Amino acid sequence: MLLLIIAPNVYIYKLYYKCSSKPLDHNANIALLEKNLTLLQENARRVTLIDINTATAAQLQTIAGITQQLACRILRYRDKLGGFVSSQQYKEVYGLSHLLQVRLIQCTTIHAPYSPKKLSLNQATFKALVAHPYIAAPMAKAIIDYRKKQGTFTTLRAIQRLPGYDADWENKIRPYLTL
């Protein structure tokens with residue numbers, strides 16, 4: 001049972017023992033179990049991780065506990081973001097329990113270097129800005145106002161001058177911004 005929890009995607013084949021009147025050779029049984037454990041560990045390493053940024057709903061549903069509804073919710077959030085850049089972002093998906101977050105982290109990967117869909121600070125409309133989960137309406141308004149008063153953004157660091165700026169917010173949004 002423990003092996004099924006550790007490696008649920010690995011098939012364990014039944015071992016058939018010959019009936020014999022001889023006493024069991026415990027050393028042989030231990031050696032056989034160690035050999036099978038080694039094979040199990042090798043097979044577990046071969047399990048293919050799912051690229052979260054190209055995954056389909058069907059692929060996500062192969063992860064234990066991910067329903068069709070959750071898979072679609074994960075994909076919608078991924079598309080709103082422009083792609084996941086960190087597995088820590090799974091925490092932001094509504095309705096995803098801690099256990100499912102852990103399973104997603106174990107079963108998915110973010111291929112490096114991954115470049116998410118970018119928002120142009122100098123060209124994005126208010127509507128495009130607020131469509132991103134990390135940009136609330138007041139911040140989108142501040143970006144638009146900055147462009148009207150100061151002209152175009154010349155560096156990404158210029159967002160530090162926006163009202164409501166927060167360093168944590170900058171760290172989250174920076175991968176999604178371009179000039």
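FYI, it's all coordinate maths here, none of it is from the lab. What you are looking at is a predicted structure, and each value in this text was computed from that prediction instead of being measured. With ideal geometry, Cβ positions are generated from the backbone for all residues, glycine too; neighbour counts draw on all protein chains shown.
Give me the net charge for the shell around Cys72: Cβ to Cβ below 12 angstrom, other residues only, Lys and Arg +1, Asp and Glu -1.
Residues near Cys72 contribute +2 overall.
Would you mind getting the Kirkwood hydrodynamic radius of segment 50-109 from its Cα pairs, rounded to one decimal in Å?
Every distinct Cα pair counted, the radius reaches 11.1 Å.
Rounded to the nearest 0.05, what FRET efficiency do Leu99 and Trp169 have when you use their Cβ-Cβ distance and R0 = 25 Å?
Once the sixth-power term is evaluated, E becomes 0.30.
If I stretch the segment between Gln150 and Glu92 completely, what's the gain in nm (0.36 nm per residue apart, minus their alpha carbon distance), one decimal?
17.5 nm
Please give me the summed charge of the neighbours of Ser86: other residues whose Cβ is under 13 Å from its Cβ, Lys and Arg +1, Asp and Glu -1.
With Lys, Arg at +1 and Asp, Glu at -1, the net is +3.
Under a point spin-label approximation (7 Å from Cα along Cα-to-Cβ), what is the Gln106-Leu33 distance to one decimal in nm?
Result: 2.2 nm between the two label points.
Asp51's amide H: which non-local residues (gap 5+, or another chain) put their own amide H closer than 5 Å, with H modeled 1.01 Å from N in plane and none for Pro or chain starts?
Thr109
Can you put Tyr114, Tyr94, Tyr134 in order, fewest other beta carbons within 10 Å first?
Tyr94, Tyr114, Tyr134
Taking the alpha-carbon distance from Lys118 and a cut-off under 16 Å, which aspartates and glutamates remain once sequence neighbours fewer than 8 residues away in the same chain are dropped?
Lys118 reaches Asp79, Glu170.
With unit charges on the beta carbon (Lys/Arg positive, Asp/Glu negative), name the residue among Thr108, Gln59, Tyr90 whose Cα is farthest towards the positive pole of the charge dipole of segment 51-115.
Tyr90
Provide the net charge surrounding Lys172, with neighbours chosen by a C-beta distance below 13 Å and charges set as Lys +1, Arg +1, Asp -1, Glu -1.
That sum, taken over residues with Cβ under 13 Å, equals -2.
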